[in-house]
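Here the structure comes first, spelled out in structure tokens, and everything after it is commentary.
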There are 2 protein chains.
Amino acid sequence: MITANDCRKRLQNLWGWETAGMVNSNTLKDIAKKLNVSVSTVSRAVNNKSYVKEETRQKVLQALKEYHYVPNEIARSLKSQSTKTIGVIIPDICEMFFGQIIKGIDEVVSPEGYTIIVSDSGESKTNEARDLEMLFQKRVDALVLATVELKGKKVLQFLDHDIPVVFIDNLPVIEQEIDAVMIDNVEASKIAMRHLIGLNHREIAVIIGSIEETTGYDRMLGYKSALREADIPVDERLIAYGNYKENKGYECMCALLDRIGEVPFTAVYVTSEMMTFGAIKAINDRGLRIPEDISLIGFDVHDKTGLVVPGITTVRQPESLIGTKTGELLIKRLKQKGNKKSRQTAKCRKILLDPYLEIKQSCRKK
Amino acid sequence: MITANDCRKRLQNLWGWETAGMVNSNTLKDIAKKLNVSVSTVSRAVNNKSYVKEETRQKVLQALKEYHYVPNEIARSLKSQSTKTIGVIIPDICEMFFGQIIKGIDEVVSPEGYTIIVSDSGESKTNEARDLEMLFQKRVDALVLATVELKGKKVLQFLDHDIPVVFIDNLPVIEQEIDAVMIDNVEASKIAMRHLIGLNHREIAVIIGSIEETTGYDRMLGYKSALREADIPVDERLIAYGNYKENKGYECMCALLDRIGEVPFTAVYVTSEMMTFGAIKAINDRGLRIPEDISLIGFDVHDKTGLVVPGITTVRQPESLIGTKTGELLIKRLKQKGNKKSRQTAKCRKILLDPYLEIKQSCRKK
DNA sequence: ATGAAAGCGCTAACAA
DNA sequence: TTGTTAGCGCTTTCAT
């Protein structure tokens, strides 16, 4: 029987035609024909499977080299019902935070033969839904999601189909049990606050991101909790609510400074990177100095330049570790699939990692 | 005839079995069976193709919804010999420079139905080769490559198979005609130098990255060329050769400062971001001030914090535009494939984009 | 040790 | 308008 591919090959030979995308693309069948063996034999040789006579194996291996055979992963995927691909959706690929996480994931899944498809949702819920749909269609074996859609239904599709999902950075509001890897955001705030309190600050303002999100909510909890630990009353007027944008940080800081007469504070804790930059600019614009007039602790601050003066003391997340832990959890789940015993005992896991303080010069003793 | 899938379904019903990864995963066949129509009819309805009686179409569409049918892109890819996927290999996903480019690419290919697989080579030639192999196996429809392997053979595989490849940032040393999108690096240096010369500087030092690479080489050409334009003799002793790392920038700057007595200069032009940071630190460490003692122009400097003082005047690349232009070229090539006429006239294109100067406070009039 | 053949889910040429 | 069927490239069972 003559296949379409055969026809193409013949045409190429006869007329020197190059048919788009198929030039020299050898298949198992092509190799088999050339060697007068069956496809299955070639397949076995390629995959080092089953028994193949050493002589045959050599002959095949040789031919594979000669004709530059490259296995077609698409066909393999269709057959094996596994694409060896992991989808990762993040809000912004330009943020070092996510870049590091991706590197961490890659570091552990890559040796296991998995490839990562990264999708940038651009902080848009619509895009996130689109990306989820697309990754599902591409039949990724697993998913990592830094969601901006807290109440997303779309991700259930994966859960329903028993495709492992690991949430990072933020938890969605859904009923199902889920896996997640993130820092302990309550603890993060406590670390920052304890540092300030240790420097004798007692009137500490805070700029919070969206409290809809676990990140924002937990960081606020930590702030309050640390104050209570130190027997300092919580003054709601010292709490400013923003989002995660720089200009919001600027605005919040301005608002706090506007009423610093009535509601004084000597230190401020800003709970996201971009808001931190905004807050610092607001302070500078008022002619106030850090840390002489106000001590400041930021969050997630990455100063790649190393040139910001004064250096900003900041809460940091172990991004790389978040990545590798996510990768490990992913691999564990992937290995569990199809293994009835371990699947029954598989509990969902929330892995909480430790944030840490990077101390520079933006805080001083009161 | 009873297929394996049928068996699985039956087992599920009989025993409540969940067979890994196949739960509820409806196929065209399943839908067809439920409606007592043929797969092709369902297929036609799904793809809005050919003629389907309106009544049937509605019935099918309804069923697709009801059973949550999601097309299997893997199967489609195998059939259509096109994965609707574009591979992108970059040296470091954490660099904003590449992040922006990826966003730009995504912006234009995504509406055309393409998905991007990003691979981080970690600046390693070995990884780059691995990634190329993997992307080829996954049969990406096209490739974008910011190569670190100037003499790579592996990429020829794509070219040979008529898979569009677009190089960005750097050109490899190969004989084939290739497509590329990058800035005019000669012009970039000229812009920087003209700025300094316009401020009356005549003794201008330069720190060059690897001249093996087109980026380094061209930037050096531009430096010399701008001097000649202004009738300033080139003094080789003012040229320091580094790589693209921060510590090398530091070292080079130190070396230049060490002999500033014999070979004086009033300004320095540093040709990469990280080297710029290193150079600034070297200057600071010597107790010299920018721009009072030395004027400085950097390259690719991204100060996300906006807090570096003085602000660094820098050559910038239009990253986003590099991305969109790359995307457009990609789409053009993809559309040309299989279209004999346009393919014959298809010329390889090097798209040179304009760099620009971002002027801040690190240069002053001499 | 090797081969024949079925089938993964889908599309499309051809037939009815 | 709808159905039948072959085949995309591969793996795997079953037969030889």
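What follows draws every value from the coordinates through simple rules; no lab data is involved. Computed from a predicted structure; not experimentally measured. Backbone-built Cβ (ideal geometry, glycine too); neighbour counts: all protein chains shown.
In this assembly of identical copies, the label point of B:Asp285 (Cα plus 7 Å along Cα-to-Cβ) is separated from its counterparts by 3.6 nm, sorted shortest first. Here the Karplus curve 6.51 cos²θ - 1.76 cosθ + 1.60, taken at θ = phi - 60°, turns the phi angles of the stretch A:152-164 into couplings of x, 9, 4, 6, 4, 3, 5, 4, 4, 8, 6, 9, x Hz, with x standing for Gly and Pro. Hydrodynamic estimate: the Kirkwood radius of the stretch B:257-354 over Cα pairs, inserted into Stokes-Einstein at 20 °C and 1.002 mPa s, corresponds to D of 127 µm²/s. Pairs spanning more than 22 Å between alpha-carbon atoms, out of A:Lys29/A:Lys335; A:Lys49/A:Lys79; B:Lys154/B:Lys245: A:Lys29/A:Lys335; B:Lys154/B:Lys245.
Projecting 7 Å from Cα along the Cα-to-Cβ direction, the label point of B:Lys33 sits 3.4 nm from its equivalents in the other copies, listed shortest first.
Listed from fewest to most Cβ neighbours within 10 Å, the set B:Lys332, A:Lys49 follows the order A:Lys49, B:Lys332.
Using a ≥ b ≥ c from the Cα gyration tensor of the stretch A:185-317 (square roots of the eigenvalues), is it rounded, prolate or oblate, where a/c under 1.5 gives rounded and otherwise the larger of a/b and b/c decides, a/b for prolate? Cα axes put the stretch A:185-317 in the rounded bin. With springs only between Cα atoms under 10 Å, which of B:Ser272, B:Ser43, B:Ser210 fluctuates most in a Gaussian network model of chain B? Looking only at B:Ser272, B:Ser43, B:Ser210, the largest GNM fluctuation is found for B:Ser43. Could you run the Debye sum over the Cα atoms of the protein assembly as shown, one equal point scatterer each and no solvent, and tell me log10 of I(q)/I(0) at q = 0.05, 0.07, 0.08, 0.11 Å⁻¹, two decimals? At q = 0.05, 0.07, 0.08, 0.11 Å⁻¹ the computed log10 ratios are -0.31, -0.61, -0.78, -1.28. Average 1/r across all pairs of distinct alpha carbons in the stretch B:217-294, invert it, and you get the Kirkwood radius: 13.0 Å.
In chain B, the longest principal axis of the Cα atoms and the axis of helix B:185-198 are about 30 degrees apart. Calculated [222 nm] ellipticity per residue, helices only, for chain B: -13500 deg cm²/dmol; basis is -39500 (n - 2.57) per DSSP H run with n ≥ 4, divided by all residues, nearest 500. What base-10 log of the normalised intensity I(q)/I(0) is obtained for chain A from the Debye formula, alpha carbons as equal point scatterers, at q = 0.09 Å⁻¹? Scattering profile of chain A, log10 relative to I(0): -0.65.
Label-to-label distances for B:Lys245 across copies, nearest first, come out at 4.0 nm, using points 7 Å from Cα in the beta-carbon direction.
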